[in-house]
Amino acid sequence: MNWPLAILTGAGPVASAQAKLGWWLLVVSVVVVVVVTVLVLAGGFRRHSNETSMVEREGAGVRWVVVGGMIVPAIVLTLTFAFTIATENATAAPPKVAGMTVDVIGHRWWWEVRYAGGGSAPTVITANEIHVPVGIPVRLELTSADVIHSFWIPRLAGKTDVVPGQRNVAWIQADKPGIYRGACAEYCGLQHSNMAAFVVAESPAQFEQWTNAQRDTVRAPSDSDAARGLVVFQKSSCMACHTIRGTSAVGRIGPDLTHLVSRMTIAAGSLENTRGNLAGWIANPQSIKPGNDMPTTPLRGSELQALVAYLETLK
Amino acid sequence: MLFVFALTSGCREASGGEEHVAVAGGDPDRGRTAIATFGCGSCHTIPGIATAKGTAGPPLFFWSKRTFIAGEVPNTPDFLVRWIEVPQAIEPGTAMPNLGVPEGDARDIAAYLYTLR
């Protein structure tokens, strides 16, 4: 029951409340379908004796309609309505003030994730992975860079639409450490199904460690392959779209690559983040995720090697 | 057209039969897993590997029938294992990256590729 995208086993207060309502709706619906089916079949197969008059039969029928068709449904629907309103109330806002706010921006077809800096700390920008400390409510401010998306981490919270020109707010809280997978839940184009998001819930200490590591700017590469790779990155079209903090690359169209190696996947869950996949992705992004904005960059074999060596230093 | 057909069908007969290139110490089933682990499929289309649909590198259909590796060396198990381990050692400047594949895994991968007939 703990499948990555399970909707009826919550791992946080929002999803748990919604799961309870979900179970109620599921059970009520099944019971109603079974009861109605049995009654219809029973009515259909019942033999009528010729002695009972039409009037008597109609009288009994009216009772069935009033009780079974009006009173019982009214009670069931009123209970369901009350349960729904109560659940919506309980999940609309966190019980205590959110511990932190994360900006999540939907792009075709990946998620930009931003943690505002403060004082001397720079804004941390990553992609497709939302790191949060366990046990505290996290406020998510959802916006879109292009079309309508929907942000959905089934085990943590139901869907919230991500609409261009509008800032929607959701909140999540993970009760236990773990990786919670999510998906875009509003059809947004060719690669809608390859637009995964991951919430990585970790202990407060681990979260702080992660944040500090993400705030670092990158160091100049020390080995010669990687140094050539940086030159390739800056000479080719990469830097038109990507940022690597601490270099001259400040593109905003694609994901920030400053700490690329720290991420689990490439291209919003399309590939595991391994050397082979990284090379394949750069060599031909269109074969892996047709229609995405990353073009195939003309590179020599040796340039691709150097580029991968450089990207692997972005810890 | 007929001539081409006659030629290809002739080739098929000549190379037909159940000859199989064995790779010492290589296990095709383990090779299938290793191919997925190292991400070969993000560049190569490989029959029998559902996720291997890449087009950056050549497709590996009919691997056992290929004459050359990288157009450089003959397609023998020893060269193939070496190619998977350190492609640059066979063709300097190739785009195929050195993925740090250990020899055992390289043998498994090679064994799988030779099942592609």
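Key figures
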{"read-out": "The stretch A:301-315 - residue that is outside any helix (DSSP H, G or I) and more than 16 Å from A:Q234 (Cβ to Cβ) and, of those, most open to solvent (accessible area, probe 1.4 Å)", "value": "A:K315"}
{"read-out": "Hits in the stretch A:233-282 (condition: crowded, with 21+ Cβ neighbours inside 10 Å and within 14 Å of another protein chain (Cβ to nearest Cβ))", "value": "A:I266, A:A267, A:G269, A:S270, A:L271, A:G276, A:N277, A:L278, A:A279, A:G280, A:W281, A:I282"}
{"read-out": "Count of residues meeting criterion [without any contact (Cβ under 8 Å) to a residue 40 or more places away in the chain and either closer than 14 Å to B:G26 by Cβ or assigned to a helix (DSSP H, G or I) (or both)] in the stretch B:77-105", "value": "12"}
{"read-out": "Some residue of the stretch B:53-74 being away from chain A (no Cβ under 14 Å), exposed (fewer than 15 other Cβ atoms within 10 Å of the Cβ), touching a residue at least 60 places away in the same chain (Cβ under 8 Å) and within 13 Å of the chain's Cα centre (by Cα)", "value": "no"}
{"read-out": "Qualifying residue in the stretch A:208-223 (condition: part of a loop (DSSP other than H, G, I, E, B), within 30 Å of A:T101 (Cβ to Cβ), at pLDDT 95 or above and not basic (K, R))", "value": "no"}
{"read-out": "All positions within the stretch A:155-186 that are in a loop (DSSP other than H, G, I, E, B) and closer than 20 Å to A:K20 by Cβ", "value": "A:R155, A:L156, A:Q173, A:A174, A:D175, A:K176"}
{"read-out": "Filter pass, A:D216 being within 14 Å of another protein chain (Cβ to nearest Cβ) and open to solvent by 40 Å² or more (accessible area, probe 1.4 Å)", "value": "no"}
{"read-out": "Residue in the stretch A:211-218 that is among the hydrophobic types (A, V, I, L, M, F, W, C) and closer than 21 Å to A:V104 by Cβ present", "value": "yes"}
{"read-out": "Residue check, A:T297 closer than 18 Å to A:S236 by Cβ, more than 10 Å from chain B (Cβ to nearest Cβ) and touching a residue at least 40 places away in the same chain (Cβ under 8 Å)", "value": "yes"}
{"read-out": "Checking A:P290 against (1) within 14 Å of chain B (Cβ to nearest Cβ); (2) open to solvent by less than 20 Å² (accessible area, probe 1.4 Å); (3) in contact (Cβ under 8 Å) with a residue 40 or more places away in the chain; (4) within 25 Å of A:G189 (Cβ to Cβ), the condition it does not meet", "value": "(2)"}
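For (1) under 22 Å from A:W171 (Cα atoms); (2) modelled with pLDDT of 90 or more; (3) in a helix (DSSP H, G or I), each residue gets a yes or a no:
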site: A:W3; (1), (2), (3): yes, no, no
site: A:V27; (1), (2), (3): no, yes, yes
site: A:V32; (1), (2), (3): no, yes, yes
site: A:V38; (1), (2), (3): no, yes, yes
site: A:G43; (1), (2), (3): no, no, yes
site: A:S49; (1), (2), (3): no, no, no
site: A:V72; (1), (2), (3): no, yes, yes
site: A:I75; (1), (2), (3): no, yes, yes
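The values are calculated or read from the model by the stated rules, or taken from the named source; none is laboratory data. Values in this document were obtained by computation on a predicted structure and should not be read as measured data. Ideal geometry is used to build each Cβ from the backbone, glycine not excepted, and the neighbour counts take in all protein chains shown. In case anyone asks, the SASA skips ligands and DNA or RNA and just uses the protein heavy atoms, side chains included. Shrake-Rupley method; radii C 1.70, N 1.55, O 1.52, S 1.80 Å.
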